[in-house]
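What follows draws every value from the coordinates through simple rules; no lab data is involved. This one's a predicted model, so the numbers in the text were calculated from it and none came from an experiment. So basically every Cβ, Gly included, is an ideal-geometry build from the backbone, and we count neighbours across all protein chains shown.
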Amino acid sequence: MASTTNDQELLPEQTEGFKVGEKKTMDEYHNMDAEDEAMQRYKQSLGLGGGGKDLSDPNDPRHCIILSLSMDSEGRPPVTIDLSTKGSEATLKEKPFKIKEGAKFSMTAKFKVQHEILSGLHYVQIVKRKGIRVSKDQEMIGSYAPNTDKTPVYSKRFAEEDAPTGMLARGHYTAISTFIDDDKKRHLEFEWAFDIAKDW
């Protein structure tokens, strides 16, 4: 159960001396420092200034909508956790997927941003075996402007990982995944499960 994991554990570790910037509206970003080249580059990295029709749904208050999380391993079809339907994450723990020991794999998140700039989105994952934490991984996803018809969905591929290997590594694992931003707002948190096996 998610409640057995300390809330502090699910926060991303911050770089020493890092300070979260002041929150700004879309209009404030558009009007900022028109003469400042560095600011122009930053705004372009967020996708501001590229034009396109804002796709934000006025009836949906969510700021960041996580659509899916996929695991890719060479020579295998991707395994995708569909998170686009509200509540779809509730049954993931009962449907573990299999990973071959020692296999190289990478995760890819697909998501949408709406209404305002999303600042410093992180993916944090705690993995447990028999209730004991065996790893904590985090990936900085980045900062993004609301999606437009020119870029309707964002996609971020995480660093490649190696599945553990050996007889002791084989078995059943549970994981808690959290998508959290610089303001410590949790956009999605869910539990899922996987089995490390000798073969696919």
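What distance in nm lies between label points placed 7 Å from Cα along the C-beta direction at Asp183 and Glu94?
Inter-label distance under the simple model: 3.5 nm.
Amide H of Ile81: which non-local residues (sequence gap of 5 or more, or other chain) have their own amide H closer than 5 Å, using H built in the peptide plane?
Long-range HN contacts for Ile81: Leu69, Ser70, Met71.
Using the Karplus curve 6.51 cos²θ - 1.76 cosθ + 1.60 with θ = phi - 60°, what ³J(HN,Hα) values do you get for each residue of segment 161-169, in whole Hz, with x for Gly and Pro?
10, 10, 5, x, 9, x, 4, 5, 7
Pop a pseudo-label 7 angstrom from the Cα along the beta-carbon direction at both Asp82 and Asp137 and give the gap in nm to one decimal.
Computed distance between label sites Asp82 and Asp137 equals 2.4 nm.
Which of the pairs Lys100/Lys130; Lys95/Lys128; Lys93/Lys128; Lys100/Lys185 have their Cα atoms more than 24 Å apart in this structure?
Lys100/Lys185
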